[in-house]
Amino acid sequence: MSIIIDRRKNDRKKSTVNRQRFLRRYKGQLRKSLGDLIQKRTITDMDQGGEVRIPAKDISEPRFRHGAGGDREIVHAGNHSFNAGDRLPRPPGGQGAAGPGTGEGDAGDSTDEFIFTLSRDEFMELFFDDLELPHLARLALGEICEPKLQRAGYTPSGTPANLAVARSMRNSIARRIALGGPLRREIKQLQAEQADPQRIAELQARLRRLPYLEDIDLRYRHRVQVPQPLSRAVMFCLMDVSASMSEHKKDLSKRFYTLLYLFLRQKYRQVDLVFIRHTSDAEEVDEVTFFHDPKTGGTVVISALKLMHEIITERYPPDSWNIYGAQCSDGDAFGADPEKSRNLLSKVLLPALRYFAYIEVPDDQEELTPLSSAYSQIVSDHFAMKQVHTRQDVYPVLRELFQREAA
């Protein structure tokens, strides 16, 4: 009998098995609460665990109760306030009752929300569980090859779980045939000559004593680690930091790129990230400069697209890399810049890209900006365009853009 001991570290008065069961069972309700949790956080705290609130009605379960049923008109013994036949007013709180967890006593009874604390790993797994890079393909061996177990014949030693029964039985039969062949031939020859019955009986006893299965017969399935083709991908992050981008717009853009960065690091082992920011000219920067440098200036969108094209040509050939792009801008562009950007994106970049997402952070009163008007003419399965107005929109937009494709 095997005994399995769970040695995972549990918090005081907590069970890892029960937590995992709860996460599987109420994944939908927990995921709905993540959006509220994210919008209250700073960019630096985006990947931390935290408390999520679930309405108690969402985790309640149906149950059977035994009751008398029907209408009952009973005045219990010891009652000094009511008599048989009295009509009771409806309890207050039927109209405009407070919602769950408000705790206002004059608005009727209410139920507190259920609070569940997520660890960092649980938070990240729930956050990005059903997201993936669209149209990802295996193209070439990556610099860091992903090892994968592959069958490599049989070995005379191993664990019982890897025992190859059919191969072991074939070895057993072959051994018994090889060892018993000379004995059978000698027995057959003595029987034909009708000589020495004692010798025949001795040979037959030796033949019966041949073991049915020995350790030398056993064979185990053998597996070795071999390098597998790794999906190499690169994500280009383009952000407008011009003067028209207010602090609110930059905050929304950085929040989107922070979630995108966490998603890529959580789901994929090797994805290059290229950060490009632009004003009237574009430059490739590192991660810290991209998120924290306060540079500002004019607006020329096509400069970022041209720099992206130059980097692809120099470092990321499309036949060896899955290339993706995400662009955040408020959509303000002037003169021929929107049309030139559209032509460069649709005719030069998109044929080499797996996917390109344009995320616009416009002013509230603007429905269609010059850049979004130009981009709206692009018709391609590899292009998507969304708008973000508030912090609450960032997470849903990310999920829409990178939702897992149907099988």
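The values are calculated or read from the model by the stated rules, or taken from the named source; none is laboratory data. Computed from a predicted structure; not experimentally measured. All Cβ positions, glycine included, derive from the backbone under ideal geometry; neighbour counts span all protein chains shown. These area figures cover heavy atoms from the full protein model, side chains too; ligands, DNA and RNA do not enter into them. Shrake-Rupley method; radii C 1.70, N 1.55, O 1.52, S 1.80 Å.
Here are the numbers:
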read-out: Accessible area in the full protein assembly, largest first, 1.4 Å probe, for M169, M239; value: M169, M239
read-out: ³J(HN,Hα), Karplus 6.51/-1.76/1.60, whole Hz, each residue of segment 171-185, x for Gly, Pro; value: 5, 5, 5, 5, 5, 5, 5, 5, 6, x, x, x, 5, 5, 5
read-out: Kirkwood Rh in Å, taken over all unlike Cα pairs in segment 322-407; value: 13.6
read-out: 5 angstrom amide H check on R232, placed H, neighbours 5+ away; value: L139, A140, N322
read-out: Sites R151 and E314, calculated FRET efficiency, Cβ-Cβ separation with R0 35 Å, nearest 0.05; value: 0.30
read-out: Rounded to whole Hz, the Karplus (6.51, -1.76, 1.60) HN-Hα couplings of segment 211-219, x for glycine and proline; value: x, 5, 8, 10, 4, 5, 7, 5, 10
read-out: Dipole in debye (nearest 20) - segment 305-371, about Cα centre, beta carbon charges: Lys, Arg +1; Asp, Glu -1; value: 560
read-out: Above-threshold pairs, the threshold being 30 Å between Cα atoms, out of K267/K340; K148/K254; K148/K306; K340/K386; K249/K340; value: K267/K340; K148/K254; K148/K306
read-out: Global form of segment 214-362, assessed from the alpha-carbon gyration tensor, a/c cut-off 1.5; value: prolate
read-out: Segment 190-257-segment 370-400 distance, computed between alpha-carbon centres (Å); value: 44
read-out: Accessible area, probe 1.4 Å, largest first, for residues L213, L344, L398; value: L213, L344, L398
read-out: Charge dipole (debye, nearest 20) of segment 287-407; +1 at Cβ of Lys and Arg, -1 at Cβ of Asp and Glu; value: 400
read-out: Quotient of C-alpha Rg and 2.2 N^0.38 Å, computed over segment 157-212; value: 1.56
read-out: Whether segment 244-312 is rounded, prolate or oblate, judged on the alpha carbon gyration tensor where a/c under 1.5 counts as rounded; value: oblate
